[in-house]
Amino acid sequence: MSYDVLIVGAGAGGGSSAYAFSRLGFKVLLMDAGPAYDPMVDYRLMNSGWEQDKFPRRGRWPGSYSFSTLQELDPRREDLRSWNLVQGRLHREGQRQPYGYSHVRGIGGSTLHFSGEAHRLNPQSMRMQSRFGVGADWPFSYQELEPFYLEAERILGVAGPNPDPSRPRSAPFPLPAHPLSYAGKKLQAGCQRLGLGWQPNTLAILSRAYDGRPPCNYCGNCSRGCPRTDKGSVDVTFVRRALATGHCTVLHECQATRIEAGKGDRILRVHYRDTDGSERNVSARKFIIACGAVETPRLLLTSSDSHSPDGLCNDEGLVGKNFMETLLWTSVGLHPDPLGSHRGVATDGICWDFNDPDAISGVIGGCRFNHVTAEANLLGPINYAQRIVPGWGRAHRRSVRAAFGRALAIGAIGESLPNPNSYIDLDPWKTDATGMPLARIHSRLTEMDIERLRFMAEKARQILQASGSGKIVEEYGTYDFFNSTHVFGTCRMGYSAADSVVDSLMRSHRWKNLWIMDASVFPSSGGGESPSLTIEALALRAVAHIKKP
Amino acid sequence: MKFDRRRVLRLFTGAALFASSAAILKSVFLPATLSSGERAILKAYLDTLIPDDDSPGAIALGIPEKMAAAAEKDRDYLRLLHIGCSWLDATSGSNGFVSSVEAVREELLDQLEHSEIPSEEWVFYQRTRRDAFQHYYADPRTIAALDYPGPPQPVGFPDYGAPPGEDGNT
């Protein structure tokens, strides 16, 4: 069977482009290596053992990747090592350790387990090369993207403050912001004491009933999957609408293994492994690759042939380069007062004061701070007992009872700048169950990254102190661990084929019917913004420029 | 004896950072299960780690049996329990750990908690402590003692903006 559009990857970019194409009447096949999740069945937040479960990853083709050797750690930077009160340092090696790349395979992709953040990119972060001499500029302005941000926010049901002081916008948010949690108000008060701003986070989580979905009931467990569908993951928003057009077919647990190119710089078909392991292929007129900044270059590099001996779209050797990762810091305090901090949306409040690329003295690239008690997985007694309440015996049990609900965590995510030592390539030895070589992650933090991280750590500690949570019980960051959820840059977009993989509409410079619609096209990461809303806006914009069938 | 770095990371993160392989395991014969003596030591150890009080402890909740069963599926974990039980028994004196009085058992747990990092004893303590608390606080009988209304769904926490305890919301 042939389709107008074949989309590989059903996350933020794949799902939103599936909707955008379907509503125009294109016959769309949306394919993902992972399963379709049933919120009421798969997300076990109603069970007594809920805390033991993380997001229920499953499926015929589980993802895997490898790491090259990571960098040595500087003994002078002990204050940036990860630790908790029970275990001490989380590792004692002299080398950065690979913790993981948090990537969900499934219809909805990583939005299935995200905390619902729906951030627009800071316009200042789109001019990193021309303003700061680092990285690359985006090949269009924020103003060109703004209408598509509005559309994506409307489809998701984004809740945010009106007016929003952090970003220029031409219309209000569709839904009012979620009020801050009781615990989140402590962080707000702390920021105010320091002269810092703190505002409700902009979230793809419903504050009212909307689009046939109920409002959030503030359980805090977005990362474990939302059984109520109030969280705007791509499956219950864009994909649901795509299916409703009647023009979209979804294929799950089918892993793409190779893209086959033909003459005339056109892609012919995608080969994949079906659920039963059989090898199949499907052809289309247009191909959208939306597997994320690790898996997209993997698929392209694996698809080498006589047309592209070094991998598809890789004529200039840029596929996999400019890899940007998540620069992260979290400090957890124990507040003297009961907070009930397990209640509320996962990340209700945020400080954007240092988000501009020149906001941190001596450092290029900004960051943001947000309430992360839920993201730190301190929502139930198991994690209190294991991580932040030391000891054992009856005294320990009394301590856990006294501590529960008093954890208060502040997190920071910062800009990641590209450097030549951070890239994705194919592992020369390891393959997955289909025989595809694994993506291999090469990561190196630069001195500027580390100084940005130091700022994030010190400011997080100040905010906790000012919030009354002076006793810090756990800290972790990406100085001594590689731990990424947001990844970018490996198929950069730009004006010229000499320094970019795709053009400003995310179409391959060479392959006329191939687009890449995920964060691998980002020329910059931003100062910690969550990328899913930008990915969705980019996809809507790209499809808007494609003629109807 | 220091514990192998790969084993430490694997046993701690809960995820198989490194796949089990013959290269990691020592070529030492291990029985497929804990012996009856080791099971008794594990039971006594967990009874000290999580004793009864106004709520059931580890023994009442069947935690020793759960952990022994998990060890039968994980060779590294089995070896760790074997090491830990041997240490407890050897260090408790002529009576052995099971027959030791509460004060002696508590002293040994204190030693484990403060043992050299990353000695085998330290890894044993950290891993078994982590697993025991996972089983313990996943049991609904312990949640009740916390005055926590969980699980999080289907009710959620609609009064999340108020101080805990107001309007019956914890």
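The values are calculated or read from the model by the stated rules, or taken from the named source; none is laboratory data. Computed from a prediction, not measured in an experiment: that's the story for all the values here. Counting neighbours? That spans all protein chains shown, and the Cβs are built from the backbone with ideal geometry, glycine included.
Count of region A:487-520 residues, restricted to those that are closer than 20 Å to residue A:19 by Cα and of a type in the set (Val, Ile, Thr), is 1.
Of everything listed in (1) free of Cβ contacts under 8 Å to residues at least 24 places away in the same chain; (2) in contact with a Pro (Cβ under 7 Å, 6 or more places away or on another chain); (3) among the small types (Gly, Ala, Ser), the single unmet condition for residue A:496 is (2).
Among residues belonging to region B:66-85 that are of a type in the set (Gly, Ala, Ser) and touching a residue at least 40 places away in the same chain (Cβ under 8 Å), point out the one that is nearest to residue B:128 (Cα to Cα). Residue satisfying both the conditions and the ranking: B:84.
Quick check: is even one residue across region A:356-374 assigned to a strand (DSSP E or B), among the polar types (S, T, N, Q), modelled with pLDDT of 95 or more and out of contact with any Gly (no Cβ under 7 Å at 6 or more places or on another chain)?
Looking through region A:356-374, none of the residues is assigned to a strand (DSSP E or B), among the polar types (S, T, N, Q), modelled with pLDDT of 95 or more and out of contact with any Gly (no Cβ under 7 Å at 6 or more places or on another chain).
Quickly run through region A:471-527 and pick out the residues that are of a type in the set (A, V, I, L, M, F, W, C), in a strand (DSSP E or B) and under 30 Å from residue A:388 (Cβ atoms). Listed by number, the residues that qualify are A:472, A:473, A:481, A:482. Has region A:528-537 got at least one residue that is part of a helix (DSSP H, G or I) and of a type in the set (D, E, K, R)? Yes, that holds for at least one residue.
Okay, residues lined up against (1) in contact (Cβ under 8 Å) with a residue 24 or more places away in the chain; (2) within 14 Å of chain B (Cβ to nearest Cβ); (3) out of contact with any Cys (no Cβ under 9 Å at 6 or more places or on another chain); (4) crowded, with 20+ Cβ neighbours inside 10 Å:
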| position | (1), (2), (3), (4) |
| --- | --- |
| A:346 | yes, yes, no, yes |
| A:406 | yes, yes, yes, yes |
| A:416 | yes, no, yes, yes |
| A:428 | no, no, yes, no |
| A:442 | yes, no, yes, no |
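Restricting attention to region A:206-238, the residues that are assigned to a helix (DSSP H, G or I) and either within 12 Å of chain B (Cβ to nearest Cβ) or among the small types (Gly, Ala, Ser) (or both) total 3.
For (1) among the hydroxyl-bearing types (Ser, Thr, Tyr); (2) closer than 20 Å to residue A:190 by Cα; (3) within 13 Å of chain B (Cβ to nearest Cβ), each residue gets a yes or a no:
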site: A:339; (1), (2), (3): no, yes, yes
site: A:342; (1), (2), (3): no, yes, yes
site: A:363; (1), (2), (3): no, no, no
site: A:372; (1), (2), (3): no, yes, no
site: A:390; (1), (2), (3): no, no, yes
site: A:396; (1), (2), (3): no, no, yes
site: A:400; (1), (2), (3): no, no, yes
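Counting just the residues of region A:71-108 that are part of a loop (DSSP other than H, G, I, E, B) and acidic (Asp, Glu), which one comes out farthest from residue A:234 (Cα to Cα)? Filtering first and then ranking leaves A:74. When region A:504-549 is examined, which residues are found to be surrounded by fewer than 19 Cβ atoms within 10 Å (Cβ to Cβ) and over 21 Å from residue A:263 (Cα atoms)? The answer is A:504, A:505, A:544, A:545, A:546, A:547, A:548, A:549. Would you please name the residue that is nearest to the other protein chains (Cβ to nearest Cβ), looking only at residues in region A:70-88 that are over 12 Å from residue A:481 (Cα atoms) and surrounded by fewer than 17 Cβ atoms within 10 Å (Cβ to Cβ)? Result: A:88.
Note on region A:374-383: among residues that are more than 8 Å from chain B (Cβ to nearest Cβ) and buried (at least 24 other Cβ atoms within 10 Å of the Cβ), the one that is farthest from residue B:57 (Cα to Cα) is A:374.
Among the residues of region B:36-84, the one identified as farther than 29 Å from residue B:144 by Cβ, buried (at least 20 other Cβ atoms within 10 Å of the Cβ) and among the β-branched types (Val, Ile, Thr) is B:41.
Assessment of region A:279-287 against the conditions (in contact (Cβ under 8 Å) with a residue 24 or more places away in the chain, under 25 Å from the mean Cα position of the chain (by Cα) and not in a loop (DSSP other than H, G, I, E, B)) yields at least one matching residue.
The rows are residues; the columns are (1) under 23 Å from residue B:108 (Cα atoms); (2) within 13 Å of chain A (Cβ to nearest Cβ); (3) modelled with pLDDT under 95.
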site: B:13; (1), (2), (3): no, yes, yes
site: B:16; (1), (2), (3): no, yes, yes
site: B:22; (1), (2), (3): no, no, yes
site: B:26; (1), (2), (3): no, no, yes
site: B:33; (1), (2), (3): no, no, yes
site: B:39; (1), (2), (3): yes, no, no
site: B:45; (1), (2), (3): yes, yes, no
site: B:60; (1), (2), (3): yes, no, no
site: B:81; (1), (2), (3): yes, no, no
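Please determine whether any residue of region A:192-204 is surrounded by fewer than 18 Cβ atoms within 10 Å (Cβ to Cβ), assigned to a helix (DSSP H, G or I) and touching a residue at least 40 places away in the same chain (Cβ under 8 Å).
Checked against the condition, which is being surrounded by fewer than 18 Cβ atoms within 10 Å (Cβ to Cβ), assigned to a helix (DSSP H, G or I) and touching a residue at least 40 places away in the same chain (Cβ under 8 Å), region A:192-204 yields at least one hit.
The residue that is nearest to residue B:53 (Cα to Cα), among those in region B:116-148 that are within 9 Å of chain A (Cβ to nearest Cβ) and of a type in the set (Val, Ile, Thr), is B:142. Residue count for region A:32-68, restricted to those that are among the polar types (S, T, N, Q), within 14 Å of chain B (Cβ to nearest Cβ) and either part of a loop (DSSP other than H, G, I, E, B) or buried (at least 19 other Cβ atoms within 10 Å of the Cβ) (or both): 3. Scanning for something surrounded by 14 or more Cβ atoms within 10 Å (Cβ to Cβ), part of a helix (DSSP H, G or I) and either modelled with pLDDT of 95 or more or in contact with a Pro (Cβ under 6 Å, 6 or more places away or on another chain) (or both), does region B:139-161 turn up at least one residue? Within region B:139-161, not a single residue is surrounded by 14 or more Cβ atoms within 10 Å (Cβ to Cβ), part of a helix (DSSP H, G or I) and either modelled with pLDDT of 95 or more or in contact with a Pro (Cβ under 6 Å, 6 or more places away or on another chain) (or both). Considering each residue of region A:165-186 in turn, at least one proves to be more than 14 Å from chain B (Cβ to nearest Cβ), free of Cβ contacts under 8 Å to residues at least 60 places away in the same chain and within 22 Å of the chain's Cα centre (by Cα). Would you confirm, using the coordinates I've provided, whether residue A:411 is assigned to a strand (DSSP E or B) and closer than 30 Å to residue A:195 by Cα? So residue A:411 passes the test.
Residue count for region B:86-112, restricted to those that are in a helix (DSSP H, G or I) and either hydroxyl-bearing (Ser, Thr, Tyr) or over 14 Å from residue B:49 (Cα atoms) (or both): 7.
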